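Student: Pasting a structure below so you can have a look.
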Amino acid sequence: MNSAHDLGGRHGFGPIAPEAENSEPVFHEDWERKALALVLAAGSLGQWNLDESRYSRESQHPVDYLRQSYYENWLSGLEKLLVEKGLVTEEELSSGRAFSKAEEELQKRVLQPEKVYSTIEKGGSTQMESDEPPEFNIGDRVRAKNRHPLTHTREPGYSRGREGIIEAHYGAHVMPDQNALGNRIGEHLYCVRFDAGELWGKDAPSKHLVFIDLWESYLEHA
Amino acid sequence: MSTHHHSTVPSDPELRVKALESLLVEKGLVDPKTLDELVDLYETKIGPRNGAKVVAKAWKDPEFKKYLLEKPTDAIASLGYRGRQGEHMRVVENTADIHNIVVCTLCSCYPWPVLGLPPVWYKSAPYRSRVVSDPRSVLEEFGTQLAEDVEIRVWDSTSEMRYFVLPEAPTDFQNKSLDELESMVTRNSMIGVEKIKEPENRS
């Protein structure tokens, strides 16, 4: 979807004003600790995947997405998923009170404190098998398709319609557009090299390349 | 932006988090001790010192550097760093001619096992919007000047591949211990917005 999260090349956001690295805390507010932990703990119930999480954050109103801090966006995404997936009701969310316990099957999946480290250390690979041979070879000239799906995609707006060179093939990975809709399928993933001039026009500086990871169905031969 | 907003405006995040936590605990969906464990993990155990160990070892040990560039996920795991948000690693090496920078324009993808949670600026709209189109002005904000002929490579983390910059070693790295080198590696140098600072008494 073309919304506020797709930020590459946008203007007007002002300076970055980074905090000094050696004095920047991991969390700035106590509630941020809990927001992170709730997102990770609720995510481990296995009721949604990473792309559904991203899609949930992206599909907020763009004004809210840009106005809120990052952990607030995480929180909004989590609240939305909990309701959408039927884990809590709207009424429970707005009152902060549980009207019923979660189903037993779900309670069995709750991440236990002693399993935290091993769960995080295990992670979740997105590498998949694919029966199809890769369509593109390293060095091929390709064009990122001019597509504007209304749902989740990882093809950034600034790459669409632009030509680049296949720099690497990473094998087949979970296809995010489909994964966000609950379909876990593998598709070949490539790293594509773009010249800044192709992305930003002839006044772009030379000696500037942008590498973007793009799935096969985002690409066509150029 | 106006502080007055339509009726569905979320309340103070502190209150929202508190309400959500007690709701999920009451529903039996979250164990409060698990939340504490998760926070502790990312606040005290998984952070950029992990990445600094990887970099210092790569500078000192050419065999390890080769392993790191060829099989990054395995090489990093051999030092004990693996898992969530680092399942598929790629290491990009800075040289005298090439400078790499990592971003996620679409969200905030970042190599957690080696760098921990991303800093606020990395997740911010100014960084995500500008670094792909105007990296030199971004670098200037971090006090980083590159010669005109240095090629800048910006890696937009749009997939689950996680990019990690191997900064250029300081000039006298051979005379320094692993610990000394490790202490010179900043988080920002592994994102690519800074270079390793040479000690000030050197020209």
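The values are calculated or read from the model by the stated rules, or taken from the named source; none is laboratory data. Remember, predicted model here, so these are calculated numbers, not experimental data. Counting neighbours? That spans all protein chains shown, and the Cβs are built from the backbone with ideal geometry, glycine included. Ligands, DNA and RNA are stripped out before the accessible areas are found, and what is left, the full protein with its side chains, is counted by its heavy atoms. Shrake-Rupley method; radii C 1.70, N 1.55, O 1.52, S 1.80 Å.
Student: One residue is enough: does region B:34-48 have a residue meeting the conditions farther than 28 Å from A:ASN22 by Cα and more than 13 Å from every other protein chain (Cβ to nearest Cβ)?
Tutor: No: zero hits.
Student: Working only within region A:54-72, note down all residues that are at the interface with chain B (Cβ under 9 Å from one of its Cβ atoms) and out of contact with any Ser or Thr (no Cβ under 6 Å at 6 or more places or on another chain).
Tutor: A:ARG54, A:ARG57, A:VAL63, A:ASP64, A:LEU66, A:ARG67, A:GLN68, A:SER69, A:TYR70, A:TYR71, A:GLU72
Student: Which one is nearest to A:PHE27 (Cα to Cα), of the residues in region B:117-135 that are more than 7 Å from every other protein chain (Cβ to nearest Cβ) and not β-branched (Val, Ile, Thr)?
Tutor: Restricting to residues being more than 7 Å from every other protein chain (Cβ to nearest Cβ) and not β-branched (Val, Ile, Thr), the top hit is B:PRO118.
Student: Which condition breaks for A:GLU132 when tested against (1) out of contact with any strand residue (DSSP E or B) (no Cβ under 6 Å at 6 or more places or on another chain); (2) within 12 Å of chain B (Cβ to nearest Cβ)?
Tutor: Status for A:GLU132: all satisfied but (2).
Student: Same structure again: Of the residues that sit in region A:1-37 and are part of a helix (DSSP H, G or I) and touching a helix residue (DSSP H, G or I) at 6+ places or on another chain (Cβ under 6 Å), which one is farthest from the other protein chains (Cβ to nearest Cβ)?
Tutor: Here the residue is A:GLU32.
Student: If we scan region A:67-83, do we find a residue that is open to solvent by 50 Å² or more (accessible area, probe 1.4 Å) and without any contact (Cβ under 8 Å) to a residue 40 or more places away in the chain?
Tutor: Yes, some residue in region A:67-83 is open to solvent by 50 Å² or more (accessible area, probe 1.4 Å) and without any contact (Cβ under 8 Å) to a residue 40 or more places away in the chain.
Student: Then there is this: Residue check: is B:VAL114 more than 9 Å from chain A (Cβ to nearest Cβ) and in a strand (DSSP E or B)?
Tutor: When the stated conditions are applied, B:VAL114 does not pass them.
Student: Of the residues B:SER177, B:SER189, which single one is out of contact with any Phe, Trp or Tyr (no Cβ under 9 Å at 6 or more places or on another chain), of a type in the set (S, T, N, Q) and open to solvent by 10 Å² or more (accessible area, probe 1.4 Å)?
Tutor: Testing whether each residue is out of contact with any Phe, Trp or Tyr (no Cβ under 9 Å at 6 or more places or on another chain), of a type in the set (S, T, N, Q) and open to solvent by 10 Å² or more (accessible area, probe 1.4 Å) leaves just B:SER177.
Student: Restricted to region A:148-167, and to residues that are out of contact with any strand residue (DSSP E or B) (no Cβ under 7 Å at 6 or more places or on another chain) and open to solvent by 50 Å² or more (accessible area, probe 1.4 Å), which residue is nearest to A:ALA204 (Cα to Cα)?
Tutor: A:HIS148
Student: Of the residues A:SER44, A:SER95, which single one is more than 8 Å from every other protein chain (Cβ to nearest Cβ), open to solvent by 30 Å² or more (accessible area, probe 1.4 Å) and at pLDDT below 95?
Tutor: Answer to the check: A:SER95.
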